[in-house]
Amino acid sequence: MVIFGGLATPAFVFLGGGVALILTEDKASWKVLNIMFTLALLVWCLYSLKRAENKKVWLWVGWGSFWFLGAFVEFWWPALGVGVSIWWYYKNVSNTKTITTLFFSLFFLLAVNQGNAYFFIVIPLIYLASKL
């Protein structure tokens with residue numbers, strides 16, 4: 001995913017995205033890495049959290065990656081939160097924790113998407129996919 005994220009970066013930048021924090025004399029603009037890097041970071045976080053079942057140091061690695069590196073990828077922490085909540089759903093983690101994480105992630109994703117709520121279709125799709 002990181003390789004394809006790198007390959008997609010020129011098109012992402014050309015379409016208005018960016019890859020860094022740009023500092024100028026009068027302002028700073030925050031640019032993020034594309035969605036492929038978000039998915040790669042999600043895979044890393046979930047891998048780390050899975051390994052944390054045996055060694056607790058991986059718990060710090062997983063959540064540290066989530067909170068620190070989540071600031072540099074597209075859709076930030078809400079996208080990662082949705083991914084973690086889906087993973088928890090399939091691992092049968094407590095429903096309270098899963099639903100709470102999914103609710104807050106989708107709420108903040110609504111703010112990131114500037115009010116575009118089409119992504120809410122993901123909830124019924126995940127439910128239907130789990131019944132296949």
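The values are calculated or read from the model by the stated rules, or taken from the named source; none is laboratory data. Note that this is a predicted model, so its numbers are computed, not measured. With ideal geometry, Cβ positions are generated from the backbone for all residues, glycine too; neighbour counts draw on all protein chains shown.
General remarks:
- Residue in the range 31-39 that is assigned by TED's automatic domain parsing to the domain that holds V2, of a type in the set (K, R) and closer than 23 Å to Q114 by Cα present: yes
- Residues of the range 111-125 that are surrounded by 10 or more Cβ atoms within 10 Å (Cβ to Cβ), β-branched (V, I, T) and at pLDDT 80 or above: V112 alone.
- Considering each residue of the range 71-81 in turn, at least one proves to be surrounded by fewer than 17 Cβ atoms within 10 Å (Cβ to Cβ) and without any contact (Cβ under 8 Å) to a residue 24 or more places away in the chain.
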